[in-house]
Amino acid sequence: MTAFQIRPAIDSDAASITQIEAEAHAALGHAPADAAKCLVFWKEAIEFGEPLLHVAVAGDAVIGFVGYDRSRDPRTPPTTGEIWAIHVLVPHHGQGVGLALWDAAREALIDEGCTHVSIWIELASERALRFHELAGFKRDMPSLRTVARGTRRVEEIRLKRVLS
């Protein structure tokens, strides 16, 4: 079991976050995103706090991250948060890293006054669906949608849960 800590992301974490996200998308068969654009996005997220970011660190290495904020979905109440992204490097799966990142995001969203949280998950990502369902999320069946991921179209579903 890897010893790790959870902390807010800092400027120097942006490249690691970009790489972790790229590896997660590659595992789902997505074409690589523009790494330079992704790096700028995560640097700005760290600088401006949108989304808020926490990282899991083992030694000096970032091994996972979670991005979260208020929900981006139209017509959601301001008390609804959203997990924008949560990824852990494959060698660290099953070691509690994802759960610790989820706990950090949950606590921060509660502190911000959120009472509910949602996340969009690709239906093809069975591991992510299972993880979030074990964490108490429930599928919002009417939310099923098809979105573009590069040149591919994928199906996503929103999962929701009460924060407590």
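List of remarks:
- Note, ³J(HN,Hα) from phi for region 84-98, Karplus 6.51, -1.76, 1.60, rounded to Hz, x at Gly and Pro: 6, 6, 8, 9, 10, 4, 3, x, 10, 4, x, 10, x, 5, x
- His87 exposes around 40 Å² of accessible area when a 1.4 Å probe is run over every protein chain in place.
- For the chain, the solvent-accessible area of protein heavy atoms averages 55 Å² per residue (probe radius 1.4 Å; ligands and nucleic acids excluded).
- Whole-Hz Karplus values for region 148-161 come out as 7, 10, x, 8, 9, 10, 10, 9, 10, 9, 8, 10, 9, 7 Hz, taken residue by residue from phi with 6.51 cos²θ - 1.76 cosθ + 1.60 and θ = phi - 60°; glycine and proline positions read x.
- The amide H of Ser143, built 1.01 Å from its N in the peptide plane, has Arg158 as neighbours under 5 Å, considering only residues 5 or more places off or on other chains.
- Translational D in µm²/s for region 31-71 (Stokes-Einstein at 20 °C, 1.002 mPa s, Kirkwood Rh from C-alpha pairs): 188
- Amide hydrogen neighbours beyond the local backbone of Phe137, cut-off 5 Å, H modeled: none
- Neighbours of His25 by Cβ distance under 15 Å: Lys/Arg scored +1, Asp/Glu scored -1, total 0.
- With contacts taken as Cα pairs under 8 Å and at least 6 residues apart, region 13-64 reaches a relative contact order of 36 percent.
- Karplus (6.51, -1.76, 1.60) ³J(HN,Hα), θ = phi - 60°, over region 121-130, in Hz, Gly and Pro reported as x: 10, 5, 4, 6, 8, 4, 4, 5, 4, 5
- Length-normalised contact order for the chain - Cα pairs under 8 Å, 6+ apart - percent: 20
- With R₀ set to 45 Å, the beta-carbon distance separating Thr2 from Arg75 gives a calculated FRET efficiency near 0.65.
- Spin-label model, Arg152/Ser164: points 7 Å from Cα along the beta carbon direction are separated by 3.7 nm.
The values are calculated or read from the model by the stated rules, or taken from the named source; none is laboratory data. As the structure is a computational prediction, the values presented were derived from the model and not from experiment. Cβ atoms come from the backbone with ideal geometry, glycine included; neighbour counts cover every protein chain shown. Just so you know, the surface numbers come from the protein's heavy atoms only, side chains and all, with ligands and any DNA or RNA stripped out. Shrake-Rupley method; radii C 1.70, N 1.55, O 1.52, S 1.80 Å.
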